[in-house]
Structures are given as C-alpha cells and as structure tokens.
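Asker: Sharing a structure below in structure tokens format, with a few things to ask.
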Amino acid sequence: MTRLLAVLALVAPLAFAAEEAVRLDAAPIDPRDVASLQAGARSFVNYCLNCHSAGMMRYHKLQDLGISEQQVKDNLLFTADKIGELMNVSMTRKDAKEWFGTAPPDLSVVARARGPDWLYTYMRSFYRDPESATGWNNMVYERVAMPHVLWTLSGQQVQVERKFRTREQAEAVGRQQKNAWKVDVLTPEQAGGDGERYILKTIRTDTTGSLSQVDYDVFVRDLVNF
C-alpha cells in the first residue's frame, strides 16, 4: 500500500548561523495492519482530501483493505461519482492559490520522497505562531504554509526555547523530550557575552484537544500507514 500522507511547506531564509534538522521520531507503522490501514483511509478522506488529491489512486483500491464497495460508496466517496474514479481533490487550484498562496500537491507520490518518520513527526509538530500568516508553524518545516487542520484533535502546542553553553548539554535535554526537538547554533556575535550559543527548541501542549496525546499519535500513525 502506497503511503499517501504528505504536506505542503514553504521555508524562509535561515535566521541562525546554523539551523539543524529536527530529530525525527520513528513511525510505528505496519503495512500488514489492516485495521490501521482502514482507519488511515477513513481519516485521509475525511480530513485530507478536501485539499490534497491522490490522483494516482482510484477509490475502488480501498477494497484491497477489506472495505466493501458499498461501504466505500456510502462513507468514502466524497469527491467523485463512481468508485472507479481517481481520488481527486474537491478544492480547485484557483481557490487553493487564493487561500494558501499555492496549490497543495498531489499525495500519490510526494509521500515517498519524505518517508514515514518525517511524516509522522511532522503531523505531531505543529505549534502556534502569531507571526505566521496562518497562525501556525511547524518544528519539522519552518514557515509552513499549511495550517494545522487537525488542531481540534491534537490541541494547541507552543514552542519553547532554552539556551545552553554546549551542544552536549542541549542534546541531553532534547533526548528526554517526547515530542520533536532540535538544536540551533548561534554565532558568537548573536550569542553575546553569555556564551550560550546552543538553543534547544521543543514544543509543549498549551491547550488539549478532543484526543489524548496517545490517541492522537495513533491517529497520525494510521494516516502515515495508509
């Protein structure tokens, strides 16, 4: 089963002398887990297909997951009239460019380029950013254009920064985090006289959503698995 979840992201010029990649979490997926694949398919259609198409996949392929043709027609066939049609997006490219500045990509092949660990971490790493156009940002891909459409499920997170004198100190604290984290390095000029050049960036929950963190992680796992 091709993994279909991917994201649209835009990045601005780096503000730090060296900005490193986020330490990715291992995605606990299992392509043999039919229940997980079915749950991911339902979530994809209900939450993602309004903006992101999967133009290389047809609705009837959902039957490979043990979903009957009638179940597909009754519960999942939202953007087409026939089960043999492609899973195309319901939003027009014109509307997408007007709302987001660019059209979200087709997800049939983009997901493969990122990999499951990247996707799993990304969908769990949105945080509130009052300076962004959408009010959201993401630890995995800064200056993200995509708003956090699942925030009612996950709750709202905020970014937290801590300064350290050495990389070892920053990474030791980072490895204790349950969510995404990374260490950015300031130049000596940016750090000033205190010598604290290593900034550990993490996120923490500010307000809870309808799902617990454990349940939201399962939700994202199923999406990535699909």
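Asker: How many residues does the range 165-180 hold that are modelled with pLDDT of 95 or more and either under 16 Å from the mean Cα position of the chain (by Cα) or of a type in the set (A, V, I, L, M, F, W, C) (or both)?
Answerer: Of the residues in that region, 3 qualify.
Asker: Output yes when any residue across the range 165-176 is over 16 Å from MET139 (Cα atoms) and touching an Asp or Glu at 6+ places or on another chain (Cβ under 6 Å), and no when none is.
Answerer: Looking for residues that are over 16 Å from MET139 (Cα atoms) and touching an Asp or Glu at 6+ places or on another chain (Cβ under 6 Å), one finds at least one in the range 165-176, hence yes.
Asker: Can I ask one more? Just wondering, is there one or more residues in the range 93-103 that are at pLDDT below 70, farther than 26 Å from ALA180 by Cβ and touching a Pro at 6+ places or on another chain (Cβ under 8 Å)?
Answerer: Scanning the range 93-103, I find at least one residue that is at pLDDT below 70, farther than 26 Å from ALA180 by Cβ and touching a Pro at 6+ places or on another chain (Cβ under 8 Å), so the answer is yes.
Asker: Among what's in the range 108-129 and is in a loop (DSSP other than H, G, I, E, B) and at pLDDT below 95, pick the residue that is surrounded by the most Cβ atoms within 10 Å (Cβ to Cβ).
Answerer: In this case the residue turns out to be MET123.
Asker: State which residue is surrounded by the fewest Cβ atoms within 10 Å (Cβ to Cβ) when the search covers only the range 179-193 and only residues that are in contact with a helix residue (DSSP H, G or I) (Cβ under 8 Å, 6 or more places away or on another chain) and under 19 Å from TYR120 (Cα atoms).
Answerer: Per the criteria, the residue is LYS182.
Asker: I've got another one for you. Within the range 203-225, is there a residue that is closer than 18 Å to ALA21 by Cβ and either among the hydrophobic types (A, V, I, L, M, F, W, C) or more than 13 Å from the chain's Cα centre (by Cα) (or both)?
Answerer: Yes: one or more hits.
Asker: Does the range 136-146 include one or more residues that are in contact (Cβ under 8 Å) with a residue 24 or more places away in the chain, closer than 30 Å to TYR59 by Cα, of a type outside the set (Lys, Arg) and out of contact with any helix residue (DSSP H, G or I) (no Cβ under 8 Å at 6 or more places or on another chain)?
Answerer: yes
Asker: How many residues does the range 113-141 hold that are on the phi > 0 side of the Ramachandran plot and either of a type in the set (Val, Ile, Thr) or more than 14 Å from the chain's Cα centre (by Cα) (or both)?
Answerer: Count: 1.
Asker: Looking at the range 147-168, I want the residues that are on the phi > 0 side of the Ramachandran plot and have a partner that is of a type outside the set (Val, Ile, Thr) and crowded, with 16+ Cβ neighbours inside 10 Å with Cβ atoms under 7 Å, at least 6 apart or on another chain. Which pairs are those?
Answerer: If the second residue must be of a type outside the set (Val, Ile, Thr) and crowded, with 16+ Cβ neighbours inside 10 Å, the pairs left are GLY155/GLY209.
Asker: Still on this structure: For the range 194-214, how many residues meet the condition of being part of a helix (DSSP H, G or I) and surrounded by 13 or more Cβ atoms within 10 Å (Cβ to Cβ)?
Answerer: Qualifying residue count for the region: 1.
Asker: From ALA27, ALA35, grab the single residue that is closer than 20 Å to PHE219 by Cβ, at pLDDT 80 or above and surrounded by 15 or more Cβ atoms within 10 Å (Cβ to Cβ).
Answerer: Within the list ALA27, ALA35, the selection yields ALA27.
Asker: Taking only the range 76-87 into account, find how many residues are surrounded by fewer than 13 Cβ atoms within 10 Å (Cβ to Cβ) and either among the charged types (D, E, K, R) or at pLDDT 70 or above (or both).
Answerer: Matching residues across the range 76-87 total 3.
The values are calculated or read from the model by the stated rules, or taken from the named source; none is laboratory data. Just so you know, these numbers come straight off a predicted model, no measurement behind them. Every residue, glycine as well, gets a Cβ built from its backbone with ideal geometry; the counts of neighbours run over all protein chains shown.
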